[in-house]
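Chemist: Take a look at the following structure, please.
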Amino acid sequence: MSQVFVSWSGGKDSCLAGYLAMTGGLEVRYLANMITEDGKRSWTHGQTPVLLETQAQAIGIPLVQRRTNMANYEAEFQKTVLTLKNDGIDGGVFGDIDLEEHRQWVESTCRKVDITPYLPLWGKSQEEILREFVDLGFEAIVVAAKAEFFGEEVLGQKIDKDFIKHLEELHRTRGITLCGERGEYHTFVINGPCFQNRLKITKSRKILREGVRFLEILSAELQDK
């Protein structure tokens, strides 16, 4: 059985990709996440390293985090993977869907460190991915959204069938991608079939920064499912 890490954002796509890898015969041993050089936020969805660590505890898979700036991102990512290779990891799982430049980066980076890339979501329709995520019983909320498309009320919104309908309307009228592939919105997963515990958010605040609305999750705790 191939032993892999999941390139981890804490959001719906990386979580679903990791789950599909698990159920598809891969052994997911680590979650790998890159954080800002000052150690305050993840590069992907802007949440704190402590929150992502709590999420990893809820799932029951160790989280590996490495600080980097944008200029050194690829080099630091490769260093992280090489460290994991020393522990028997031979593949990486990624939640990319249909952006060809992202796939090229994944394949190039994995080739340089001699591991196998797995992209379980690649080529699926974004509607199919969202509905599969919900139907499998995952729970996620919106934690970031571009102000040009969404009002403040979207922050904390659960990803459910009603929200998918709202996204489909925005796709029709405003051209957004259903899964937020161009950064229109980001999510944070609080429960699902691969979770041992549910995450309860106990303190948060809403802010607007550079045209993006953020739900800053300040504290969370583990609950029994």
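The values are calculated or read from the model by the stated rules, or taken from the named source; none is laboratory data. Predicted, not measured: the structure shown is a model, and the values here were computed from it. We place every Cβ from the backbone using ideal geometry, glycine too, and count neighbours over all the protein chains shown.
Chemist: Which of the following residues is surrounded by fewer than 16 Cβ atoms within 10 Å (Cβ to Cβ) and among the acidic types (D, E): D96, D87?
Modeler: D87
For every residue, the table says whether it meets (1) surrounded by fewer than 17 Cβ atoms within 10 Å (Cβ to Cβ); (2) farther than 23 Å from D224 by Cα; (3) out of contact with any strand residue (DSSP E or B) (no Cβ under 9 Å at 6 or more places or on another chain); (4) modelled with pLDDT under 95.
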{"site": "Q3", "(1), (2), (3), (4)": "yes, yes, no, no"}
{"site": "S7", "(1), (2), (3), (4)": "no, yes, no, no"}
{"site": "G11", "(1), (2), (3), (4)": "no, no, no, no"}
{"site": "T23", "(1), (2), (3), (4)": "yes, no, yes, no"}
{"site": "E37", "(1), (2), (3), (4)": "yes, yes, no, yes"}
{"site": "A58", "(1), (2), (3), (4)": "no, no, no, no"}
{"site": "I61", "(1), (2), (3), (4)": "no, no, no, no"}
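Chemist: Out of (1) assigned to a helix (DSSP H, G or I); (2) within 19 Å of the chain's Cα centre (by Cα); (3) surrounded by 14 or more Cβ atoms within 10 Å (Cβ to Cβ), what's the single condition that is false for E101?
Modeler: (3)
Each row is one residue, and each column tells you yes or no for (1) over 23 Å from L31 (Cβ atoms); (2) assigned to a loop (DSSP other than H, G, I, E, B).
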position: G156; (1), (2): yes, yes
position: D162; (1), (2): yes, no
position: I176; (1), (2): yes, yes
position: E181; (1), (2): no, yes
position: T187; (1), (2): no, no
position: I207; (1), (2): yes, no
position: L215; (1), (2): no, no
position: S219; (1), (2): no, no
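Chemist: Give me the residue from region 106-116 that is under 20 Å from the mean Cα position of the chain (by Cα) and crowded, with 16+ Cβ neighbours inside 10 Å and, out of that set, nearest to T177 (Cα to Cα).
Modeler: By that ranking, first place goes to V106.
Chemist: Is there a residue being in contact with a His (Cβ under 9 Å, 6 or more places away or on another chain) and either free of Cβ contacts under 8 Å to residues at least 60 places away in the same chain or among the hydrophobic types (A, V, I, L, M, F, W, C) (or both) anywhere in region 195-211?
Modeler: For region 195-211, residues in contact with a His (Cβ under 9 Å, 6 or more places away or on another chain) and either free of Cβ contacts under 8 Å to residues at least 60 places away in the same chain or among the hydrophobic types (A, V, I, L, M, F, W, C) (or both): absent.
Chemist: Within the bounds of region 141-153, is there any residue that is loosely packed, with under 15 Cβ neighbours inside 10 Å and not in a loop (DSSP other than H, G, I, E, B)?
Modeler: yes
Chemist: Scanning region 39-54 for residues that are outside any loop (DSSP other than H, G, I, E, B) and touching a strand residue (DSSP E or B) at 6+ places or on another chain (Cβ under 8 Å), which turns out nearest to E74 (Cα to Cα)?
Modeler: Looking at the filtered set, the residue picked out is S42.
Chemist: Can you tell me which residues in region 89-124 are within 17 Å of C15 (Cβ to Cβ) and among the hydroxyl-bearing types (S, T, Y)?
Modeler: Y118, the sole residue that qualifies.
Chemist: Same structure again: When you scan region 170-180, do you find a residue that is surrounded by fewer than 20 Cβ atoms within 10 Å (Cβ to Cβ) and in contact with a Lys or Arg (Cβ under 6 Å, 6 or more places away or on another chain), even just one?
Modeler: no
Chemist: Could you list, in sequence order, all residues of region 125-174 that are within 20 Å of Q55 (Cβ to Cβ) and small (G, A, S)?
Modeler: If the condition is that a residue be within 20 Å of Q55 (Cβ to Cβ) and small (G, A, S), then G137, A140, A144, A145, G156 are the ones that fit.
Chemist: Quick one: what pairs do we get from region 1-15, first residue free of Cβ contacts under 8 Å to residues at least 60 places away in the same chain and more than 18 Å from N86 (Cβ to Cβ), second among the small types (G, A, S) and surrounded by 24 or more Cβ atoms within 10 Å (Cβ to Cβ), C-beta under 7 Å, 6+ apart or different chains?
Modeler: Qualifying pairs under 7 Å: W8/S14.
Chemist: Please give the number of the condition L130 fails out of (1) buried (at least 18 other Cβ atoms within 10 Å of the Cβ); (2) part of a strand (DSSP E or B); (3) touching a helix residue (DSSP H, G or I) at 6+ places or on another chain (Cβ under 8 Å).
Modeler: (2)
Chemist: Just the residues that are in a loop (DSSP other than H, G, I, E, B) and over 26 Å from R213 (Cα atoms), please, taken from region 16-38.
Modeler: Once the filter is applied, which keeps residues that are in a loop (DSSP other than H, G, I, E, B) and over 26 Å from R213 (Cα atoms), region 16-38 yields G24, G25, L26.
Chemist: Filter region 181-193 down to residues that are hydrophobic (A, V, I, L, M, F, W, C) and farther than 13 Å from G46 by Cβ and give me whichever is surrounded by the most Cβ atoms within 10 Å (Cβ to Cβ).
Modeler: Out of the qualifying residues, it is V189.
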